[in-house]
Each structure stands twice: as C-alpha cells, then as structure tokens.
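The next block holds one structure in the form of structure tokens; read it before the comments.
The values are calculated or read from the model by the stated rules, or taken from the named source; none is laboratory data. Everything numeric in this text was worked out from a predicted model, so none of it was measured. Every residue, glycine among them, receives a Cβ derived from its backbone with ideal geometry; neighbour counts consider all protein chains shown. Remember, those area values only see protein heavy atoms, side chains included, never the ligands or the DNA or RNA. Shrake-Rupley method; radii C 1.70, N 1.55, O 1.52, S 1.80 Å.
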Amino acid sequence: MTRGTYLEPASLDEALRLLAEHDGAALVAGGTDLVVGTRQGKRTLPETLVAIHRLPGLDGIAEEDGALAIGALATHDAIERSELVRGRWTALADASAIVGSPATRHVATLGGNLANASPAMETGAPLVVFGAEVELRGQGGSRTVPVEGLWAGPGRTTAAAGEMITGVRVPAPADGSGSAYVRLEYRRAMEIAVVGAAALVTIGAGAVSDARVALTAVAPTIVRSPAAEGALRGREPTAEAIAAAAAAVHDAATPISDVRGSDAYRRAMIEVMARRAIDVAARRAAGEAVPIPATMTVGGTR
Amino acid sequence: MSHACTLQVNGISYPLELDAGRTLLTVLRGELGLTGAKEGCDDSECGACMVLVDGRPVNSCSYLALQADGREITTVEGLAKGGELHPLQAAFLDEGGVQCGFCTPGMLISAEALLRRNPNPSEDEVRLALGGNLCRCTGYQKIARAVLAAAPGANA
Ligand SMILES: Cc1cc2nc3c(=O)[nH]c(=O)nc-3n(C[C@H](O)[C@H](O)[C@H](O)COP(=O)(O)OP(=O)(O)OC[C@H]3O[C@@H](n4cnc5c(N)ncnc54)[C@H](O)[C@@H]3O)c2cc1C
Ligand code: FES
Ligand code: FES
C-alpha cells in the first residue's frame, strides 16, 4: 500500500485548488468504492487523496424552484429517509434504500455513486428517468450536464481533470406521475444489481401521457429504452400494456456475461424488472402507496 | 508521509501519527490495542469490523482512519459501563445469540446503531439493520430475538 498524502480541505474552493495542484489526486467521499476497491486488491490507493466528506454545504436535500437539489455529499441514508424524495422522486428513494447495508448507506454518497460510473449503480436509472442534471465544478467555473452525459463508459465519466461533482438537480415530475426502481438481487444486503429498471409514468384521463424507462447493468452505462416508452404512451396502463412495454426493452439491452449472470439470463430478467418497475410506477401514479423500497415489495429477497 | 490526527474512541482521546492509507480497523486493533472489532473479510462483506462513528455504523476495515479524525468512535469495548454489561450484551447471552463470538462485536454495534434510532423495532427492521453482518454459527434467529428483547421499547 502506498504511504501517500492525505489532504482534507476546509472549503470547496480549497478542494478544487488541491485537485488542480496535485496531478492524479483522487477525491474520497465515503470511500465505499475507492477504499473498498483497494481492500479487494482491484487497485492501489492513489498517491494523493483529497478527502471531501466533511466539506460544508454539499450534503443538502431541498426543493429549489420546484426541482429537487441534492448535494454531492448527501448519503444514501439521508436520501432514503428524505420525505421530499420519497414523496415526489420515489424511484430515487427506492434506489438509495437498497444500496449495500445500513453501514454502506451511512457513509456512501450520491456524488461517489455517480462518479464511480458503474453500469450497475443504483441511483443512475432513477436520475435518468427524472431527467436530472449534474453540476460539475472546476477552478475555472461550473457547468451542467444531463446525467446521461456524465458517463463515458464503465468506470469513466466526462468530468475533466480537476472537476468535481457538486450536486444534482432533478426536475419535478408532472402531476399524475409515479415512479419506481427495482433490481434483481441475490442477497438483501451488500449487493449490487444483477439488472435493474426505473420507470416514470404519468397518467392523464386514464391513459399514459408520458413514460420513461431506464435500465441498469445491461449496457456499458445506464440506458433508456425508447421502444418501451413508446409502447406505453397513449395506452391505458393495463397488465397487457405493461407487459408489452417491458417486452420492448430489448432495443436497449445489450448485456454481457460475468460472474453475476450470463447475458441470456440478464436479457430474460431485464424484462421482468422493467415490468415490475412500470407496474409499480403506474400504481403509484394512481395514488397507491407501494412501500419503499419497491424491490422488497414486488418480489425481491428478504 | 504521516499525518497527525486524534481519534476519540470510547470517550478517550488518542493523538496519533498515521499514514494516509491506514484503515480505521488496523489502527484500533494495532496502535490502540482494541481488538474487539474483528477482521473477517477486510473488504466490507461481513460486518465483523463494525464500529460507530458519530453514532452511525461504519465498516472500519474499509474506512480511512484519517477520515475519522476528531469524530466520536464507539467500539464494542465502549458498550459495557462500570463493569455492567450493556443490555444488548446481556440479551445476547440470555438468548444464546453467541456461539464462537467472532461476529458478536459487529452484531452488537449494528444493533446498538438501530436501537439508538429506533427503540422499538419490528423483527423485519432488526433483520434489515443486521443485513450487513454475517454469522456462520447461530443461524440468526437467536440474534434477532436478543435484539428484540433488548429494545428499550420492547416491554412498553
Ligand atoms: C458492501 C458494499 C455494497 C455496495 N452496494 C451498492 C449497491 O447496492 N448499489 C450501488 O449502486 N453501489 C453499491 N456500492 C458502491 C458504493 O457504495 C456506491 O457507489 C457509493 O455511492 C459510493 O459513494 P462514496 O461516497 O463511498 O464514493 P467514494 O468511494 O468516496 O468515491 C467513488 C469514486 O468517485 C469519486 N468521487 C467521489 N465523490 C466525488 C465527487 N463529488 N465528484 C467527483 N468524483 C467523486 C472518487 O474519486 C472515486 O473515484 C456498494 C459498496 C460496498 C462496499
Ligand atoms: S472485516 Fe470489515 S466488513 Fe468484513
Ligand atoms: S457466533 Fe460464530 S460467527 Fe456468529
């Protein structure tokens, strides 16, 4: 293990300066990807660490001009417990509530989850269906990218050297909307999605007026399924319509085989996850209080 | 390069000089001689290394010691007070929730974190709170029963 340098800036500006000054420096927030990766021998700890877990003002969860503003340092525990998130951005609460174990959720952050850019990350698909934007800041200033534009591939983001994620802005779903995120898991805790799906369904006058579906762990990054979305629009959200939409996700699903599942198994299961996510989203849109996390309510492990 | 820091463990301040990559678990067990927290997997799978940092459960095997600088750390050694077992410890003994004992410190810490937040949990809530702790001996039934028995709200 490297002896390394540990830096703990007191402000965001200082953090950005340290990042710029130290070539190859890595941010550490909760460390549940960065430090755990080194324990598992996947990599060594970077020579210089810039610890941001105590930076003030970056862990907020608040409504701003009708949108949800979440700081990069908000933990999954805080997101899962936020009444604001549970009420209007329910799919995100479904996702944060199933990350790791209670100990993981207490230290692991939203910013770390997004920056780690795993195709199996839990918060990605919900943020995609809500059309979230990610704020990146460097010494030169800040910019905003749609969350889908943040990921360049497995483990890679489009953030420039010296840039960090400061927060996420999530537009409010239209009235009459419901959302859900579910995953296939082998174990209730300390688990990562085999595959997963998020859905946002808006219902007006008995029919689906808008729908978004995003898929986890079936492509190099989180992807939307335009075919599934198209199959729902204008239809009544009946079991048949939902099953037909779920069967359409294969347009976007190009899974790989790995230790957690074969490509064929992932293809079969992504349809099931999409069906469950759309079903729960439609039920929530109709006012039904389906408990969070939806994964445990609709057929997950216990 | 070593870095000065102060770990506040079970109410005692320990000034230390630590390398950047040191995990909290190795410091607790090595420098401080607090061997209650165990190393099971050393990569966040088993929960044997669980400690509280500012009252929240943390897998200390995978947490940088320097990130805990100045924060309040509780290990299993900090649960008993004045020679009296903590109610959770007594309940684990009464209910037979301890066999080899390797997982017990982590189980107690996760249970303590739960009960501080929720003094009257359901069995489901207990099982979820202990989801990150593996036990290879007891089969979990007796552990869950012990936590329920120790809950301050249990007899209310
Ligand atoms: C036992 C266990 C179970 C897990 N289960 C799940 C799960 O179910 N679902 C899931 O999605 N994930 C899971 N994870 C992965 C991990 O917990 C999450 O991805 C978590 O949100 C990462 O946050 P962190 O703050 O710990 O990140 P860190 O480890 O601190 O950082 C991760 C990466 O992001 C970078 N980074 C951190 N913050 C920022 C920022 N603000 N801006 C730019 N870059 C940044 C770091 O440099 C690093 O490269 C699990 C991990 C463990 C150990
Ligand atoms: S030793 Fe830390 S989780 Fe297993
Ligand atoms: S008592 Fe032996 S591992 Fe739990």
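Values for this structure:
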{"item": "Length-normalised contact order for the range A:187-246 - Cα pairs under 8 Å, 6+ apart - percent", "result": "27 percent"}
{"item": "Shape category assigned to the range A:231-302 from the gyration tensor of Cα positions, a/c cut at 1.5", "result": "oblate"}
{"item": "The range A:255-285 versus the range A:31-94: alpha-carbon centroid distance in Å", "result": "25 Å"}
{"item": "Neighbour cut-off at most 12 other Cβ (10 Å), DSSP loop, trypsin sites (Lys or Arg not before Pro), the range A:156-189", "result": "A:R187"}
{"item": "q = 0.09, 0.11, 0.16 Å⁻¹: log10 I(q)/I(0) that the Debye formula gives for the range A:1-143, counting C-alpha atoms only", "result": "-0.28, -0.43, -0.90"}
{"item": "Chain B: angle of helix B:104-117 to the longest principal axis, Cα-based, in degrees nearest 10", "result": "80 degrees"}
{"item": "Kirkwood Rh and Cα Rg combined as Rg/Rh, the range A:61-170", "result": "0.94"}
{"item": "Calculated P(r) of the range A:5-51 - Cα pairs past 12 Å, %", "result": "60 percent"}
{"item": "Within-11-Å neighbourhood charge of A:A239 [Cβ basis; K, R +1; D, E -1]", "result": "-2"}
{"item": "Over the range A:61-170, relative contact order from alpha-carbon pairs under 8 Å, at least 6 apart, %", "result": "29 percent"}
{"item": "Residues whose placed amide H lies under 5 Å from that of B:C46, excluding near-sequence neighbours", "result": "B:C41"}
{"item": "Cα-centre dipole for chain A with unit charges at Cβ (Lys and Arg positive, Asp and Glu negative), debye to 20", "result": "800 debye"}
{"item": "Shape call, the range B:87-155: gyration tensor on alpha carbons, a/c limit 1.5", "result": "prolate"}
{"item": "Residue among A:V50, A:V195, A:V249 with the largest mean-square fluctuation in a Gaussian network model of chain A, springs linking Cα atoms under 10 Å", "result": "A:V50"}
{"item": "D (Stokes-Einstein, µm²/s), Kirkwood Cα radius, chain B, 0.890 mPa s at 25 °C", "result": "156 µm²/s"}
{"item": "Residue mean of other protein chain beta carbons inside 10 Å, B:54-62", "result": "6"}
{"item": "Global geometry of the protein assembly as shown, whether rounded, prolate or oblate, following the gyration tensor of its Cα atoms and the 1.5 cut on a/c", "result": "oblate"}
{"item": "For the range B:84-93, 3J(HN,Hα) per residue [Karplus equation, 6.51 cos²θ - 1.76 cosθ + 1.60, θ = phi - 60°, Hz, x = Gly/Pro]", "result": "9, 4, 5, x, 5, 4, 4, 5, 4, 5"}
{"item": "Cα-centred dipole magnitude for the range A:5-51, charges only on beta-carbon of K, R (+1) and D, E (-1), debye, nearest 20", "result": "320 debye"}
{"item": "Top positive-direction residue, dipole computed over chain A with Cβ charges, set A:T75, A:S257, A:T166", "result": "A:S257"}
{"item": "Which of A:D279, A:D94 is most accessible, then next, and so on - probe 1.4 Å", "result": "A:D279, A:D94"}
{"item": "Relative contact order of chain B, pairs being alpha-carbon contacts under 8 Å that are 6 or more residues apart, as %", "result": "23 percent"}
